[in-house]
Amino acid sequence: MNIILLGPPGAGKGTQAAYIKELKKVPHISTGDIFRQNIKEGTDLGKKAKEYMDKGLLVPDSVVVELVEDRITWPDAKNGFMLDGFPRTIAQAEALDESLAKTGKAIDAVINIDVDFSVLTERITGRRICRKCGATFHVKFNPVKKDGICDICGGELYQRDDDKEETVIKRLNEYQEKTRPLIEFYNKKGVLININGQQDIDAVTKDIEKALK
Ligand code: AP5
Ligand code: MG
Ligand code: ZN
């Protein structure tokens, strides 16, 4: 199954992906995570992406499309994949369609996690991530047992560079302007699944599970 997770920054894409990848046995491909890994390693791709990410802007389509086109040909994606944070523009979505069509593939489901803008800033500024295993927590909505320490692996928690309030506002603007039109794009194709993201994490997971059956 080829799945896309759609939704504004902080909607819960990464959080839900951690469950769906086990459920559907597909790799979780997050363009944001790939960029952050490259920034950490100091690669050319990382340097380029950082210029945009720090400002809360989208990385240029050409850079992202090339990256994903390659990633979905890896052996682990042979029987399906789950894209998180891609596509984010109509141009990216069209490029993805073209690329999949070459091998007779298509997108089967687009999960649109719908959350009101008013709660997103609190979700994002309270997010904490494990440096070691990448697990996502929240100071209020998904707290760890021991302050600053990952429940899963004992790693140290950190806050993303672009999770500052002023950058979050820019990210939300980029979403409104460039990514939101994808809801209609996939609705027209008949693959859109709307999920109410404004419930407990578990309730959201259950709704997605049901929708993907
Ligand atoms: P990316 O890393 O994809 O960030 P994003 O889209 O802004 O989304 P987030 O990761 O912030 O949110 P999420 O939906 O994953 O939420 P999460 O599960 O963590 O992209 C970063 C940057 O990279 C972009 O700004 C851009 O520059 C660049 N980029 C990436 N892809 C690109 C592309 N295709 N094209 C161009 N540029 C690209 O949850 C958030 C918090 O809320 C967590 O703390 C979590 O614990 C909590 N939470 C989750 N669910 C719930 C719930 N139901 N109730 C209460 N709290 C919850
Ligand atoms: Mg994420
Ligand atoms: Zn961890």
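Brief remarks on what is shown
- If the segment from Glu177 to Ala91 were pulled out straight at 0.36 nm per residue, it would be longer than the present Cα-Cα gap by 29.6 nm.
- Positive contributions from Lys and Arg (+1) and negative ones from Asp and Glu (-1), summed over other residues with Cβ under 9 Å from the Cβ of Gly46, come out at +3.
- Set against the 2.2 N^0.38 Å expectation for a compact globular protein, segment 135-202 has a Cα radius of gyration ratio of 1.52.
- Pairwise inverse Cα distances across the chain, averaged and inverted, put the Kirkwood hydrodynamic radius at 17.6 Å.
- Checking the Cα-Cα distances for Lys21/Lys206; Lys55/Lys178; Lys25/Lys178; Lys25/Lys146 against a 19 Å cut-off, the pairs over it are Lys25/Lys178; Lys25/Lys146.
- Within-15-Å neighbourhood charge of Leu67 [Cβ basis; K, R +1; D, E -1]: -2
- Simple spin-label estimate for Ala211 and Thr43 in nanometres, 7 Å along Cα-Cβ: 3.1
- Calculated P(r) of segment 1-115 - Cα pairs past 23 Å, %: 26
- Selection of trypsin sites (Lys or Arg not before Pro), segment 145-210, meeting DSSP coil and at most 10 other Cβ within 10 Å: Lys145, Lys146
- Asp54-Asp116 FRET efficiency (beta carbon distance; Förster radius 22 Å; 0.05 resolution): 0.25
- A simple spin-label model places pseudo-atoms 7 Å from Cα toward Cβ; at Lys25 and Arg160 they are separated by 3.0 nm.
- Relative contact order for segment 1-135: 44 percent, from Cα pairs under 8 Å spaced at least 6 residues apart, divided by residue count.
- Charge tally around Phe81: other residues with Cβ under 13 Å, Lys/Arg +1 each, Asp/Glu -1 each, net +1.
Read-outs: derived from the displayed coordinates by stated rules, not from any lab. Keep in mind that this is a model prediction, so the values were computed, not measured. We place every Cβ from the backbone using ideal geometry, glycine too, and count neighbours over all the protein chains shown.
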